[in-house]
Structures are given as structure tokens and as C-alpha cells.
Amino acid sequence: MWAYLRRQGIEVARCTVERLMRANGWRGVTRARTIRTTIADPAASRAPDLVRRNFTASAPGQLHVADFTYVPLAPGGFGYTAFVIDAYARLIAGWECSLSKETAFVQRAIRQAAALRRRQGRPLDAAAIHHSDAGGQYTSVRFAETLLLAGMTASVGTVGDAYDNALAETTIGLYKTECI
């Protein structure tokens, strides 16, 4: 804050800024340790990567990409937000917030996306691809059942490679910048 004020041409002592910030309970932005959301389950079988970094679709509902991220909460701790993005229009077709990163909350986001397509008169079919990272939530048996019931085929990128799910990572980046 002191450096910012000086750049604006406001002459103020550093100790004054520190005292005012301390008195009001203000803290500067820090790059704290990040929360690891993608934890691969080595025992789970993974679907093949059907997308291969080609995040284009010629019609709505052909390709959905998904991921979730952590969100810092005001009283402390973290919440999580899951997204399902339709690659055709870059539309967030489903989303869900939770205090837990268990499989159920990403399943609810998928159900929202499938319900949206049904309401629009374009239900998903087996040709629809759902692409995600290799996190345990997306490779679980329960999640595979949810995809099957929604009428989608699973696709999973490689472990530890953000480019394999770049569309979802971009959406999450915009969400955190614009909304959080």
C-alpha cells in the first residue's frame, strides 16, 4: 500500500501506512501456499484422452470440459467451485459450490449441465464427450455412473498438465479474477 500511494504521488511514511493498516485489520495481498485440488487416484482406471487439447466443437453439447477450484472464505478456510463448460459457446452449462471436494459435488455440476441441455431440447448422447483432469473425483466409479446416466463419454487428460484441460483452467482463472 505504501508503494502504491507513493506511485500515486502521495507522500506518506511507511510506518503510518503500517499503523493504519494494523489498526483497521487490513493486510496486503500475499501469494500464500496454494491448495492442491487435483489428486490422482493411482488405483483408478482412467478414460483415454479423446480431446488431445482440441477444445473445439461444431455444435452445442458435443464437448464439455470440467474442473474445480478452491475459493478462500472470509472467516478462513476454503470452499470449492466446480464448473462444466460447453466448448462450443464457452458456456458454463453447470456449476456447483461445496465445502467439501468429494465426488458428489462435481456430479451435481454434471447433472446441471445435462439438465440444461434437456430443457433446451438437445439432450446429450453417447457422442458427447466430457473432458476433465485426472483428479480422483473424475476417475471414480460413481462419477463414471453419473456420466453414463447423463449420456456422456469420459475423457481424461494427463496428470499434472494444465494444458490438457486449458479451457477449464482459463474459465477458472477468469472466475477467480473477476468474481473472487
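Bear in mind that the values in this text are calculations on the coordinates, not laboratory data. Note that the structure is a prediction, hence the values are computed from the model and not measured. A quick note on method: Cβ atoms are made from the backbone with ideal geometry, for glycine too, and the neighbour counts reach across all protein chains shown.
Model label points for residue 99 and residue 15, set 7 angstrom from Cα along the Cα-to-Cβ axis, are 4.4 nm apart.
Pairwise inverse Cα distances across segment 46-155, averaged and inverted, put the Kirkwood hydrodynamic radius at 14.0 Å.
By the beta-carbon count within 10 Å of each Cβ, the least crowded to most crowded order of 101, 176, fewest first, is 176, 101. Using a Gaussian network model of the chain with C-alpha springs under 10 Å, which one of 59, 47, 93 is most mobile by mean-square fluctuation? Greatest mean-square fluctuation among the candidates belongs to 59. Gain on full extension, evaluated as 0.36 nm per residue between residue 174 and residue 125 minus their Cα-Cα distance, stands at 14.7 nm. Residues 85, 172, arranged from fewest to most other Cβ atoms within 10 angstrom of their Cβ, appear as 172, 85. Only Cα pairs under 8 Å and 6+ residues apart enter the sum, and on that basis the relative contact order of the chain stands at 23 percent.
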